[in-house]
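Report on the structure given below.
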Amino acid sequence: MATLKDFRDERLKKLEALKKLGVDPYPAKSNRTHATQSIVAEFAKLEGDVVTLAGRVTSIRKFGKLAFIVIKDDSGTLQLFVKEGNTDDSPDRSNSELKMPDEIGLLDTGDFVEATGKVIKTQTGEISVDVKKLRILSKALRPMPSSQDGFTDKEQRLRRRYVDMNVNEDVRQRYIRRSKFWQATRDFLNNEGFIEINTPVLEHTTGGADANPFVTHMDAIDQDLFLRISHELPLKRLVGGGYEKVYDIGPRFRNENYSDEHLPEHIAMEWYWAYADWKAGMALMERMFSVVLEKTFGTLKFDIRGFKIDFANKWQEIDYSEVIKKNFDIDIFDCTLEQIQKALKDNKLEVEKTDNISRGIDKLWKKVRASVAGPAWLINTPEFISPLAKTNPDNPKTVQRFQAVIAGSELCNGYSELNDPVDQLNRFLEQQKMRDEGDDEAQMLDIDYVEMLEYGMPPTCGLGYSERVFWFFEGVTAREGVPFPNLRTETDETTKSIYPSVKFDK
């Protein structure tokens, strides 16, 4: 049975043969005039016209002096019809042209070609291009798995996503939808008067979320820096600087393990809106969810994890303390860690040594959350769980925070931002104490941010969501939801044998 090395060696021979013929197998330019599917869509208008197509060869069938080549571009596939006597007998070798059909044998599936000829229908009625001139644009040295065979090994699919995208059309379309998701997000915010300002990825002090950061070192200033875990604090500095509606879309980094819903590196969005409160933020986000989902998926109705959700419906509101009291008979504002741990054990939830009251209560809430279909907002979160949110004047023990709950998951988080510098400093100190006691995910004390608040920041509402929202509605895991997930570096023995001159780490 032929191995990958065997296939590659055969193609290397063909590459050498092309070069000996004077053919450049990797020219810099293509002269394409049409996409394949534009030929199909406009056949009545284009029939008989000379066009130039370009794409990857997906199949080659040769019958004596006839050949049928199917090529694929970003829009779809089309057949090339090659017949002796119809082609240019004096090809310009310097322009990468091939004699046809004699030199078709030097082509393989996976190669990129350019074909010029008339738009026709074959005797079987298939729309094709009757090739007059054929150029090679790129010689592929490895065979692409066929779509019929599939490319289903999960490890290989994640490591060679460029193959996955070629073989599995649903995977290729997924990342087009991912692009639409972020474009719809950006368009919605721009139309609402927000402006996009990119903020630093490297920070002296990182904050805005409960997460363990990556640490790096900047030689120029000889200091350790953190990769941001959130966009929040720099964006709120911009609000303090006078911007009234601002957002950022970009990567953030959390040094945590992989899961089906989380990646250490992912894309996220956060917006901040001066002179608005959490109620205005909820109304904005209800519109935003509807617009973004409609533009991305073409529907407002979803069947996710056994829940049927319709975003045309009114959003439900769930009070944090009431739902904990109802389900566990615990007053979250007057309870002990022992009571929380007992409730966790009674409900077969994990009890860890690093648990405190706030983390324990959060675990109980997540137990309830799993049964919520939504769309719903979780509101009136306790202040000790939300160190950056503004206190609710109706109940000073709670904050003006709102979290979208859909099909048992929280998909975004927003609140009326805390702009009292004294209150903020006290909450930072509480978080710093938790860090000192071993909680690596508690927030760092950011004294520069406190100083910004002392100069003054207006009442502000803010919210963030990550591409986890897209993965959720797309119905895929986190690693399936991004084109190139980070994986542990591994080199297989086949690769080592193919490149004997390369030194690989053991």
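The values are calculated or read from the model by the stated rules, or taken from the named source; none is laboratory data. These numbers were taken from a predicted model, which means no experiment stands behind them. As a convention, Cβ positions derive from the backbone with ideal geometry for all residues, glycine included, and neighbour counts pool all protein chains shown.
Could you list all residues from the range 369-389 that are in a loop (DSSP other than H, G, I, E, B) and surrounded by 19 or more Cβ atoms within 10 Å (Cβ to Cβ)? Working first, answer last.
Just the residues of the range 369-389 that are in a loop (DSSP other than H, G, I, E, B), to begin with: 370-375, 386-388.
Of everything in the range 369-389, those that are in a loop (DSSP other than H, G, I, E, B) and surrounded by 19 or more Cβ atoms within 10 Å (Cβ to Cβ) turn out to be VAL372, GLY374, PRO375, SER386, PRO387, LEU388.
Looking only at the range 162-174, how many residues end up being under 26 Å from TYR465 (Cβ atoms) and crowded, with 16+ Cβ neighbours inside 10 Å?
Looking only at the range 162-174, we keep the residues that are under 26 Å from TYR465 (Cβ atoms), and these are 165, 170-174.
Among the residues that remain, those that are also crowded, with 16+ Cβ neighbours inside 10 Å are: 165, 171, 174.
The number of residues fulfilling the criteria is 3.
Among the listed residues LYS99, LYS45, LYS121, which satisfies the condition of being of a type in the set (Lys, Arg) and touching a residue at least 24 places away in the same chain (Cβ under 8 Å)? Break it down stepwise before answering.
Details: LYS99 fails: touching a residue at least 24 places away in the same chain (Cβ under 8 Å); LYS45 fails: touching a residue at least 24 places away in the same chain (Cβ under 8 Å).
Criteria check complete, one pass: LYS121.
Mind telling me which of the residues GLU417, GLU480, GLU467, GLU454 ends up being at pLDDT below 95 and of a type in the set (Asp, Glu)? Break it down stepwise before answering.
Working: GLU480 fails: at pLDDT below 95; GLU467 fails: at pLDDT below 95; GLU454 fails: at pLDDT below 95.
Exactly one residue qualifies, and that residue is GLU417.
What is the residue count in the range 294-335 for residues that are basic (Lys, Arg) and either in contact (Cβ under 8 Å) with a residue 24 or more places away in the chain or surrounded by 15 or more Cβ atoms within 10 Å (Cβ to Cβ) (or both)?
3
So PHE333 passes all but one of these: (1) closer than 25 Å to PHE307 by Cβ; (2) outside any helix (DSSP H, G or I). Which condition number does it fail?
Single failed check for PHE333: (1).
Among what's in the range 119-161 and is in a helix (DSSP H, G or I) and surrounded by 14 or more Cβ atoms within 10 Å (Cβ to Cβ), pick the residue that is modelled with the lowest pLDDT.
It comes out as GLN156.
Yes or no: THR199 in a loop (DSSP other than H, G, I, E, B) and either outside the structural domain of VAL469 (by TED's automatic domain parsing) or under 21 Å from the mean Cα position of the chain (by Cα) (or both)?
Details: in a loop (DSSP other than H, G, I, E, B): yes; either outside the structural domain of VAL469 (by TED's automatic domain parsing) or under 21 Å from the mean Cα position of the chain (by Cα) (or both): yes.
When the stated conditions are applied, THR199 passes them.
Could you tell me whether any residue of the range 213-220 is at pLDDT below 95, within 30 Å of TYR275 (Cα to Cα) and either exposed (fewer than 14 other Cβ atoms within 10 Å of the Cβ) or not charged (D, E, K, R) (or both)?
The answer is no; no qualifying residue exists.
Collect the residues in the range 390-440 that are assigned to a loop (DSSP other than H, G, I, E, B), free of Cβ contacts under 8 Å to residues at least 24 places away in the same chain and of a type in the set (A, V, I, L, M), keeping them in residue-number order.
none
Give the residues of the range 228-270 that are among the aromatic types (Phe, Trp, Tyr) and in contact with a helix residue (DSSP H, G or I) (Cβ under 6 Å, 6 or more places away or on another chain), sorted by residue number.
If we filter the range 228-270 for residues that are among the aromatic types (Phe, Trp, Tyr), which is where we start, we get 243, 247, 253, 258.
Passing the criteria: only TYR247.
Report, by residue number, each residue of the range 331-357 that is of a type outside the set (D, E, K, R) and either over 19 Å from VAL399 (Cα atoms) or not assigned by TED's automatic domain parsing to the domain that holds VAL368 (or both). Lay out the reasoning, then the answer.
First, the residues of the range 331-357 that are of a type outside the set (D, E, K, R): 332-333, 335-337, 339-341, 343-344, 347, 349, 351, 354, 356-357.
THR336, LEU337, GLN339, ILE340, GLN341, ALA343, LEU344, ASN347, LEU349, VAL351, THR354, ASN356 - these are the residues of the range 331-357 that are of a type outside the set (D, E, K, R) and either over 19 Å from VAL399 (Cα atoms) or not assigned by TED's automatic domain parsing to the domain that holds VAL368 (or both).
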